[in-house]
Amino acid sequence: MSTHNYVGIHDPDQPGQVRLRYVHSDGYPHYMIPTLRKIWAGAAAGDTPRLATLLLAHDWDYLDPETTDDSTSTPPLAGEQLIPGVGMTLAATGGDGQVLPPEPVTVVALTATGDLDAHWIYLIDPGTDTLTVHTSGGDAVGTEPLAS
């Protein structure tokens, strides 16, 4: 399943801007909302700023709270890594097979997210412990508590 999406937060220093990380797979709300809740409760220990830090540290091939160091039958590709309780990072390689440096966090106006290769955007609010689901153009479709 390759429903591209982004996870992130509102940029605290630039009103109207968001800080985002790409997630390659499984972006539909019926998967992402419970997944982010489980990562928040597990790997982030119910700490929403920690959840944001974990997710903004990498671009992701997929998010999966059940991920362990040995939870995949196929080894990660060059440069990718399993992050227990979170998922598999995404890495790119150049034409020579060398792993490219990670991309920086994407900072963009929420209203300009329609230009991104994504169907959904999930914004975490560390102040209210909520998750707001947006379409690729930035329209909010709902806000959910992280605690279920």
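The values are calculated or read from the model by the stated rules, or taken from the named source; none is laboratory data. Please read these numbers as outputs of a predicted model, since none were measured by experiment. Note that we place each Cβ from the backbone using ideal geometry, even for glycine, and neighbour counts take in every protein chain shown. Note: areas computed on protein heavy atoms with side chains; ligands, DNA, RNA excluded. Shrake-Rupley method; radii C 1.70, N 1.55, O 1.52, S 1.80 Å.
Regarding Gly27, is this residue open to solvent by 30 Å² or more (accessible area, probe 1.4 Å), assigned to a loop (DSSP other than H, G, I, E, B) and under 20 Å from Glu144 (Cβ atoms)? Criteria not met by Gly27.
Any idea which of Pro126, Pro102 is out of contact with any strand residue (DSSP E or B) (no Cβ under 6 Å at 6 or more places or on another chain) and within 11 Å of Gly8 (Cα to Cα)? Outline the logic, then answer.
Details: Pro102 fails: within 11 Å of Gly8 (Cα to Cα).
On inspection, the qualifying residue turns out to be Pro126.
What strands (runs of 3 or more DSSP E), lying completely within the range 40-148, carry at least 3 residues that are among the β-branched types (Val, Ile, Thr) and in contact (Cβ under 8 Å) with a residue 40 or more places away in the chain? Output list reads 106-109.
The rows are residues; the columns are (1) modelled with pLDDT of 95 or more; (2) farther than 22 Å from Pro29 by Cα; (3) open to solvent by 40 Å² or more (accessible area, probe 1.4 Å); (4) of a type in the set (Asp, Glu).
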{"site": "Met88", "(1), (2), (3), (4)": "no, no, no, no"}
{"site": "Thr93", "(1), (2), (3), (4)": "no, yes, yes, no"}
{"site": "Asp125", "(1), (2), (3), (4)": "yes, no, yes, yes"}
{"site": "His134", "(1), (2), (3), (4)": "yes, no, no, no"}
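Of the residues making up the range 5-24, those that are open to solvent by less than 30 Å² (accessible area, probe 1.4 Å), out of contact with any helix residue (DSSP H, G or I) (no Cβ under 6 Å at 6 or more places or on another chain) and not aromatic (Phe, Trp, Tyr) are Asn5, Gly8, Asp11, Leu20, Val23.
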